[in-house]
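Below: one structure, written as structure tokens.
The values are calculated or read from the model by the stated rules, or taken from the named source; none is laboratory data. On a predicted model such as this, the values are computed, not experimentally measured, just so you know. As a convention, Cβ positions derive from the backbone with ideal geometry for all residues, glycine included, and neighbour counts pool all protein chains shown. Just the protein is used for accessible areas: all its heavy atoms, side chains included, with ligands, DNA and RNA removed. Shrake-Rupley method; radii C 1.70, N 1.55, O 1.52, S 1.80 Å.
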Amino acid sequence: MNQYIESFKATLRDSDQRKGLFNDVKNLAVNIVRFAIIIGVCYVILSPIIGIFVNSISSDRDAYNPMVYILPHDPTLERYQLVWERIEYLPTMARDLLYTVSLMGIQIMVCSMVGYGFARFEFPLKKLLFGCVVVMIVIPSHTIMLPIYMTFKDFDPLGLCTLIFGESQNLMGSPVPMYIMTVFGCGLRSGLYIYIFNQFFRGLPKEIEEAALVDGCGTWYTYFRIMLVNAMPSVITVAVFSLVWQFNDTFYAKLFLISEDIVISNKISSLQATIANADQILDTTIQELYLDAGIMLVVLPIVLIYILLQRHFIEGVERSGIVG
């Protein structure tokens, strides 16, 4: 009898070992597939950036060498040096970042106030106005570019400019139209930012505001010192979105004819012509290598900012309810 019991126990142990081995193999296969998918997605996303970087450090000989695929044979940094001088990188980047960060700050304040108002207050035509916010997200900017251009080319709100200056004002060639649109909640992607703040504030418990009201806090004090502080993940999300999209914007920069000295992306778009005229480099293939170097210099600050704020950015996206 004892022999049968021992044999049965041995069979169970063998079965458990086989089951454990099967689970180990299954987990290994799942991890391999998952790793392969991640590598594939990363390659699809990063391959253009890798290609641009490789081209930016390639020599003239590498550009025409069919054997060069990923790593250049004669890497060089001379393109970065020349592009740095031609676009006046540090002064132009400083002005662009000042312009971008100022618009970002205005968008955070304006859109957070509007989102908070939609989330917490009841007022006439609330649903209609929030529908207009959704329309701002859906409608492409290109469909309204003509009326926007005409508005700021002959800027005369309610006839005030004619009353004060005697004629309408042409605001083309300056960043003033972007500041006006941003202040009134119609800036670049402002509809999306309002939606993000609205979703976030709706997720906060109302007991926070009720406790502040009992303590004698007014509406503005509650908003600035309590609600906006609790909405910091959403603020960081909007800050990153606004900074990146405003920095990369070429549509409004060209529509309003904003100077190249303020928006560095306009300088990059004309870099090939600058290289051809100033340095007599007429070969379009070589010009593209200099353009790639300029693109890498422009992308660098945004990449560094994203790396520093990545954890807060992902947390804010999760808590604001953005999917897809």
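Here is a yes/no grid of residues against (1) free of Cβ contacts under 8 Å to residues at least 60 places away in the same chain; (2) assigned to a helix (DSSP H, G or I); (3) open to solvent by 50 Å² or more (accessible area, probe 1.4 Å):
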residue: 105; (1), (2), (3): yes, yes, no
residue: 124; (1), (2), (3): yes, no, yes
residue: 127; (1), (2), (3): yes, yes, yes
residue: 131; (1), (2), (3): yes, yes, no
residue: 135; (1), (2), (3): yes, yes, yes
residue: 147; (1), (2), (3): yes, yes, yes
residue: 160; (1), (2), (3): yes, yes, yes
residue: 167; (1), (2), (3): yes, no, yes
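Residues in segment 223-242 that are touching a Lys or Arg at 6+ places or on another chain (Cβ under 8 Å) and farther than 17 Å from residue 182 by Cβ: how many?
Total satisfying the criteria: 2.
Does residue 230 qualify as being touching a residue at least 40 places away in the same chain (Cβ under 8 Å), out of contact with any helix residue (DSSP H, G or I) (no Cβ under 6 Å at 6 or more places or on another chain) and polar (S, T, N, Q)?
no
Specify which of the listed residues (216, 185) is open to solvent by less than 30 Å² (accessible area, probe 1.4 Å) and either at pLDDT 85 or above or not in a helix (DSSP H, G or I) (or both).
Exactly one of 216, 185 is open to solvent by less than 30 Å² (accessible area, probe 1.4 Å) and either at pLDDT 85 or above or not in a helix (DSSP H, G or I) (or both), namely 185.
If we keep just the residues of segment 242-283 that are out of contact with any helix residue (DSSP H, G or I) (no Cβ under 6 Å at 6 or more places or on another chain), closer than 14 Å to residue 301 by Cα and not hydroxyl-bearing (Ser, Thr, Tyr), which is surrounded by the most Cβ atoms within 10 Å (Cβ to Cβ)?
Checked segment 242-283; the qualifying residue surrounded by the most Cβ atoms within 10 Å (Cβ to Cβ) is 245.
Scan segment 71-103 residue by residue and report those that are open to solvent by 60 Å² or more (accessible area, probe 1.4 Å), charged (D, E, K, R) and either part of a helix (DSSP H, G or I) or closer than 17 Å to residue 196 by Cα (or both).
Those that are open to solvent by 60 Å² or more (accessible area, probe 1.4 Å), charged (D, E, K, R) and either part of a helix (DSSP H, G or I) or closer than 17 Å to residue 196 by Cα (or both): 78, 85, 86, 95.
So residue 152 clears everything in (1) under 30 Å from residue 201 (Cα atoms); (2) crowded, with 17+ Cβ neighbours inside 10 Å; (3) in contact (Cβ under 8 Å) with a residue 60 or more places away in the chain except one condition, right? Which one?
It is condition (1) that residue 152 fails.
Taking residue 65, is it in a helix (DSSP H, G or I), modelled with pLDDT under 85 and out of contact with any His (no Cβ under 6 Å at 6 or more places or on another chain)?
Judged against the criteria, residue 65 is not a match.
Based on this model, can you work out whether residue 289 counts as surrounded by 19 or more Cβ atoms within 10 Å (Cβ to Cβ) and more than 23 Å from the chain's Cα centre (by Cα)?
yes
Does segment 243-257 contain at least one residue that is touching a residue at least 60 places away in the same chain (Cβ under 8 Å), more than 19 Å from the chain's Cα centre (by Cα) and not in a helix (DSSP H, G or I)?
Within segment 243-257, one or more residues are touching a residue at least 60 places away in the same chain (Cβ under 8 Å), more than 19 Å from the chain's Cα centre (by Cα) and not in a helix (DSSP H, G or I).
Scan segment 188-213 for residues that are exposed (fewer than 15 other Cβ atoms within 10 Å of the Cβ) and assigned to a loop (DSSP other than H, G, I, E, B) and jot them down.
Matches in segment 188-213: 205, 206.
Is it true that some residue in segment 128-140 is under 29 Å from residue 233 (Cα atoms), in contact with a Phe, Trp or Tyr (Cβ under 6 Å, 6 or more places away or on another chain) and at pLDDT 85 or above?
Within segment 128-140, one or more residues are under 29 Å from residue 233 (Cα atoms), in contact with a Phe, Trp or Tyr (Cβ under 6 Å, 6 or more places away or on another chain) and at pLDDT 85 or above.
For residue 224, only one of the following conditions fails: (1) open to solvent by 70 Å² or more (accessible area, probe 1.4 Å); (2) among the aromatic types (Phe, Trp, Tyr); (3) under 23 Å from residue 259 (Cα atoms). What is its number?
The number of the failed condition is (3).
Counting only residues that are assigned to a helix (DSSP H, G or I) and over 23 Å from residue 302 (Cβ atoms), which one in segment 227-241 is least open to solvent (accessible area, probe 1.4 Å)?
Going through the qualifying residues, I end up with 227.
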